[in-house]
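Just so it is clear, none of the values below were taken in a lab; they were calculated from the coordinates. Just so we're clear, the structure is a prediction, and the values are computed from it rather than from any experiment. Positions of Cβ are generated from backbone atoms using ideal geometry, with glycine treated the same way; all protein chains shown enter the neighbour counts.
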Amino acid sequence: MEHLLQIDHLDTTYTVHSEERILVHDVCLHLDKGETLCLVGESGSGKSLTMLSVLGLLKNNGRITSGSIRFENQELQNLSDRELDKIRGSKISMIFQDALTSLNPVFTVRNQIEEIIDAHLNLSRKAKKKKVIDLLNQVGLSDHELILKKYPHELSGGQRQRVLIAIALACHPKVLIADEPTTALDVTIQAEIMNLLDQLKRELNMALILITHDMGLVAQMADRVAVMYAGEIIEEANVNDIFLRPKHPYTKALLQSIPDIEHSKAKKIEPIKGRVPENYDQIKGCRFADRCAFRQPACTQNVQSLKKLQESQVRCQFAEQLLNGE
Ligand SMILES: Nc1ncnc2c1ncn2[C@@H]1O[C@H](COP(=O)(O)OP(=O)(O)OP(=O)(O)O)[C@@H](O)[C@H]1O
Ligand SMILES: [Mg+2]
């Protein structure tokens, strides 16, 4: 079956101080109609860069150096900027990581919602007005006239995020990429926004790529999960396999490092020691090796690729042995 979105062996390279660095390496991901894929991993693991690559939104010093990105059977890299513009914001939309800076401070909410409608849809004045009101209703902003006149700094964090969701949904996208959509919000608003996204996803039959650090959210939202570490996908599986049968030592460590609400007293939380290495593209062998509790001498020698193990894809040469308790 053809996937709605298919990323194969993607490498994204940035030139930093005249040195080329491969910051996203060999990323393979796919997304089907209506499903939710969660992309997880510690800060600096390449989650945002992977998705910015898909949308062709890398900074000037970044470029895709290999791999393919197909959306509805079309190779996105073969498209001109104009053709890609037609897809961006309409068929594939993104809610960016930083909600505060993604809205333009000098334009009202009305201007910013209308801008995306004008760019992609050819609507009469009356139809446009109705569309804007419908969008505000969809995202739970009911005081229409008041909200439309406001500037971003006059909105609360939750309202700002709702406006961004309205903008992202304006053209009824098939894929919505939400990059940490709730980290800047307090816990109750976080839950409201996530419920809203989940509900809209179902109503509009969208596929969702949700980037998050929050494994609780993953358990609640995901159909499938891809775990990134140091620029690579290290495990990909359906949500049950990730939580009940994690196979990569990093995924296991990630799950160990979160509190378990139901059994909070029984479970010992083990933070993962160390950090994602800065120059991870220079590492020979497994990129997680120096933090891995199961490290073997061969781990730092051999390049790891993603391999099928039961229903999961895992980038660890000892995963099968670990699974068998050897
Ligand atoms: N424009 C850039 N130029 C150079 N390096 C960059 C650039 N953007 C990101 N990086 C580097 O690429 C790596 C991956 O960054 P990325 O922002 O994709 O991580 P992330 O997984 O989204 O992290 P977070 O959870 O903190 O958002 C990091 O080492 C980061 O320093
Ligand atoms: Mg990010």
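Can you give the relative contact order of the range 239-326 as a percent, counting alpha carbon pairs under 8 Å and 6+ residues apart? Intermediate values should be presented prior to the final figure.
On the way: 78 pairs, mean separation 23.8, N = 88.
With pairs under 8 Å counted, the relative contact order is 27 percent.
Give me the one-decimal nm value for the distance between modelled label points at Arg82 and Asn205, 7 Å along each residue's Cα-to-Cβ direction.
According to this spin-label approximation, the distance is 3.2 nm.
Can you show me the helix-derived [θ] at 222 nm for the chain, built from DSSP H runs with n ≥ 4 at -39,500 (n - 2.57) apiece and divided by the number of residues, rounded to the nearest 500. Don't skip to the answer; put the middle values down first.
Numbers: 12 runs with 108 residues, N = 326.
Mean residue ellipticity, 222 nm, calculated: -9500 deg cm²/dmol.
Using each residue's phi in the range 288-299, evaluate 6.51 cos²θ - 1.76 cosθ + 1.60 at θ = phi - 60° and report the 3J(HN,Hα) Karplus result to the nearest Hz, with x for Gly and Pro.
Running phi through 6.51 cos²θ - 1.76 cosθ + 1.60 with θ = phi - 60° gives 8, 3, 5, 10, 8, 6, 10, 4, 10, x, 5, 4 Hz.
Compare the peptides 282-290, 137-145 by average per-residue count of other Cβ atoms within 10 angstrom and give them in order, highest first.
The peptides rank, most packed first, as 282-290, 137-145.
Once you list every other residue whose beta carbon is under 10 Å from the beta carbon of Glu35, what net charge do they have if Lys and Arg are +1 and Asp and Glu are -1?
So the environment of Glu35 carries a net charge of +1.
List the residues, sorted by chain then number, that are 5 or more residues from Ile95 or on another chain and whose placed amide H is less than 5 Å from its amide H.
Amide H to amide H, under 5 Å and 5 or more residues apart or across chains, Ile95 pairs with Ile177, Ala178, Asp179.
Please turn the phi angles of the range 40-48 into ³J(HN,Hα) values with the Karplus equation 6.51 cos²θ - 1.76 cosθ + 1.60 (θ = phi - 60°), one per residue in order, whole Hz, x for glycine and proline.
Coupling constants for the range 40-48: 10, x, 5, 3, x, 8, x, 5, 5 Hz.
For the range 235-251, just list the computed ³J(HN,Hα) in residue order, Karplus coefficients 6.51, -1.76 and 1.60, θ = phi - 60°, integers in Hz, with x standing in for Gly and Pro.
Result, ordered by residue: 7, 9, 6, 6, 4, 5, 4, 4, 7, 9, 10, x, 10, 8, x, 5, 4 Hz.
Over the chain, calculate the relative contact order: mean separation of alpha carbon pairs under 8 Å at least 6 apart, over the residue count, as a percent.
Computed value for the chain: 20 percent relative contact order.
Can you list the lysines whose alpha carbon sits under 24 Å from that of Lys130, skipping same-chain ones fewer than 8 residues off?
List returned: Lys86, Lys91, Lys149, Lys150, Lys174, Lys201.
Among 16-29, 153-166, how do they line up by average Cβ neighbours within 10 Å per residue, starting with the highest?
153-166, 16-29
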